[in-house]
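Each remark here refers to the structure printed beneath this line.
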């Protein structure tokens, strides 16, 4: 294989179809993708602002990676299932996760952000690479059910160094599981550049496991959609796992606690700003007449309303009842948890009485 | 009733669980045509097929991590870790994912996974094949920990572990794998596995053990009885939850308690037993709670293990100490 990336939308906004990954592109599709990227970006901006004003403990910005994620999200069928890191805000949005639910975790009131069964997305794992194995196990379950479904497994360039991701590739290929690994190579694992994770392109690794891989322009929402859809279709059809390396860039900090000025150069940022996924899509829509003024105003208004709603919900969010921390440790009653809960309850009651 | 070794009882229990629930599947290394290195899964792949008895790649984290995904999909994976000392590559998945998933999902997603681990020493094995890692798991909220003491127990509790909607670390005392017992493999499964069992009552000393040390304590109680000291023997059976009610009740009458396990004494399960007994029986104790177990060293080469492992004589020595006037 070569290290060339597949690109359907040039940075200037021209559509160039790829023979292996044809995509029907109409104004309606473009508008849906545009809207989803704008709303993802707004969720990101509002969340950072809420962290900066002390309403959230942390936030993991997604700026720059929205195209890869929104494209992949549109490639999934509702019946497919996804596993992600904390940064797949674009995928959360496309799958219907309410941003307010998402922020429960960063507000510190819950470890869970959504109902996995309803959304078709596993709860993201914070331990890097861990969920790659869950993806494969879930896909093995699909296989055993004989279901017409596939799994999208998202992680980053840093995760590819973990043992769990290696084992996930081994299990996926050994069992021919219907899973597509979607790696966003955003060039940085906190402060460590991708060159410290690998000397060869990440996409080249797949061949060693015996599965096909495709390297795509991760700032091209159409390439992400077309390639991910094709490989999910292939997995559903029983042709086994595949690997996508989406070459993109994390323009924000790793988290709101990070300071990228300590480890990367401003010029790098400028390079990637010029390749922004939303600007590129907008250029194409302007050229093809798919972006009328009324639509833009509508989407902006929707984003503004989203921002207001998220801010109000988070600022008004009460702390949980202290005894809630004892809930759901076990599915069936466990005497130790029951005893510890009773002790806390008695202690709190004594404090209120005195 | 059928006479079975613990290996045969586990095999029969797994078979019955698989017959009763099509969502139960087994995964592990060498569990297919070979039947597992201890033959616990002997014949099961032949009867249930490769989709339900899965020979996994040689990767423990992969086995446990994929089981998490299978559980999310509605399956009930029963995993075999080949030996105690090989569970550590999977420790991350067990502690960070298996143990916590029901909690972090707010009760939406259960993790009905059983992780079977042959544990303990006494079989003359090489390094990493004789360890007692139970305290790590019992110390982790979200896990349940069971360890059968004999074949009859194994037959019943493996099925109860599989039926539990919580993850269960199922520790099999490998030195007792070939001990025989009469197993009731006909009656419906009943009773709770999450309780201790009082196997013998005596007026003078309460012996507390689990897994491989239960038989040792029963033998020690027989020997002590010949010297006129009557011991109770309590099998904890479940290390999470710990059911210390029967222990406390018994120590209130004997005034003396000895906890026995193979794992290092320091910060082991016995420390929790001793602390609870001291808290709840303080004014009834005739002697400090004694602990008999491993030294604070890695499991030694097997020519040392007769000295490392608690045996009847060491339990009798502890009995002498707590009954000394």
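If you take the Cα Rg of the range A:1-119 and divide it by 2.2 N^0.38 Å, with N the number of residues, what do you get?
Against the empirical 2.2 N^0.38 Å value, I get 1.20 for the range A:1-119.
Sticking with the crude label model, points 7 Å out along Cα→Cβ, report the distance from residue A:321 to residue A:77 in nm, one decimal please.
4.2
Can you give me the convex hull volume of the Cα atoms of the range A:66-216, divided per residue and expressed in Å³?
111
For the protein assembly as shown, place one equal point scatterer on every Cα, skip the solvent, and apply the Debye formula. What is log10 of I(q)/I(0) at q = 0.08, 0.09, 0.12 Å⁻¹?
For the protein assembly as shown at q = 0.08, 0.09, 0.12 Å⁻¹, log10 I(q)/I(0) is -0.69, -0.83, -1.21.
Quote to one decimal, in nm, the extra length available between residue A:195 and residue A:342 on full extension: 0.36 nm per residue of separation minus the C-alpha distance between them.
Extra length from residue A:195 to residue A:342 when fully extended: 47.7 nm.
Going by how many other Cβ atoms sit within 10 Å of their own, how do A:287, B:174 line up, fewest first?
Exposure proxy ranking, most exposed first: A:287, B:174.
Decide, for the range B:211-292, between rounded, prolate and oblate: order the square roots of the alpha carbon gyration tensor eigenvalues as a ≥ b ≥ c, take rounded if a/c falls under 1.5, and otherwise choose prolate if a/b is larger than b/c, else oblate.
oblate
What spacing in nm lies between the two simple spin-label points modelled at residue B:192 and residue B:266, each 7 Å away from Cα in the Cβ direction?
About 3.6 nm separates the two model spin labels.
Determine the gain in length on full extension of the stretch residue A:161-residue A:148; use 0.36 nm per residue of separation and subtract their C-alpha separation, reporting nm with one decimal.
Using 0.36 nm per residue and subtracting the Cα-Cα distance, I get 1.6 nm.
Evaluate peptide A:141-154: per residue, the Cβ atoms of other protein chains within 10 Å of its Cβ; return the mean as an integer.
The mean count of partner-chain Cβ atoms within 10 Å per residue comes to 2.
Would you mind giving the mean number of other chain beta-carbons within 10 Å of the Cβ of each residue in A:323-331, as a whole number?
What the average comes to for A:323-331 is 6.
Give the dimensionless ratio obtained when the Cα radius of gyration of the range B:58-103 is divided by 2.2 N^0.38 Å.
1.09
Can you work out the FRET efficiency for the pair residue A:279 and residue B:180, with r the C-beta to C-beta distance and R0 = 56 Å, to the nearest 0.05?
Efficiency computed from Cβ-Cβ geometry: 0.15.
Residues of A:333-340, mean number of Cβ from any other protein chain within 10 Å of their own Cβ, rounded to a whole number?
Other-chain Cβ atoms within 10 Å of each residue's Cβ, averaged: 4.
Could you check how many percent of all C-alpha pairs in chain A are farther apart than 26 Å?
52
Convex hull over the Cα atoms of the range A:221-272, averaged projected area in nm²?
Over every viewing direction, the Cα hull of the range A:221-272 projects on average to 5.2 nm².
If R0 is 30 Å, what FRET efficiency do you get for residue B:321 and residue B:279 from their C-beta distance, rounded to 0.05?
For R0 = 30 Å, the calculated efficiency reads 0.90.
Give me A:144, B:176 sorted ascending by neighbouring Cβ count inside 10 Å, so fewest comes first.
A:144, B:176
Using only helices, what value at 222 nm comes out for the protein assembly as shown when you add -39,500 (n - 2.57) per DSSP H run of length 4 or more and divide by the total residues, to the nearest 500 deg cm²/dmol?
Mean residue ellipticity, 222 nm, calculated: -12500 deg cm²/dmol.
How large are Rg and Dmax for chain B when calculated on the C-alpha trace, in angstrom?
19.5, 63
Beyond 20 Å, what share of the Cα-Cα pairs of the range B:28-157 remains, rounded to the nearest whole percent?
Everything past 20 Å amounts to 47 percent.
Under 19 Å from a point 7 Å along the Cα-to-Cβ line of residue B:96: which residues of the range A:147-170 have their amide N that close?
Residues A:153-170 fall inside that zone.
Select from B:288, B:57, B:188 the residue whose mean-square fluctuation is largest in a Gaussian network model of chain B (Cα-Cα springs shorter than 10 Å).
B:188
In a Gaussian network model over chain A where Cα atoms closer than 10 Å are linked, find which of A:161, A:201, A:267 has the largest mean-square fluctuation.
A:267
Can you give the Kirkwood hydrodynamic radius for the range A:161-310, in Å, rounded to one decimal and based on Cα pairs?
18.0
Using packing as a proxy for protection, rank A:68-77, A:344-353, B:122-131 so that the peptide with the highest average count of other Cβ atoms within 10 Å comes first.
By packing density, highest mean first, the sequence is A:68-77, B:122-131, A:344-353.
Can you give me the orientation-averaged projected area of the convex hull built on the Cα atoms of the range A:1-65, in nm²?
6.8
FYI, it's all coordinate maths here, none of it is from the lab. All values reported here derive from a predicted model rather than from experimental measurement. No Cβ is skipped: glycine too gets one built from the backbone with ideal geometry, and neighbour counts run over all protein chains shown.
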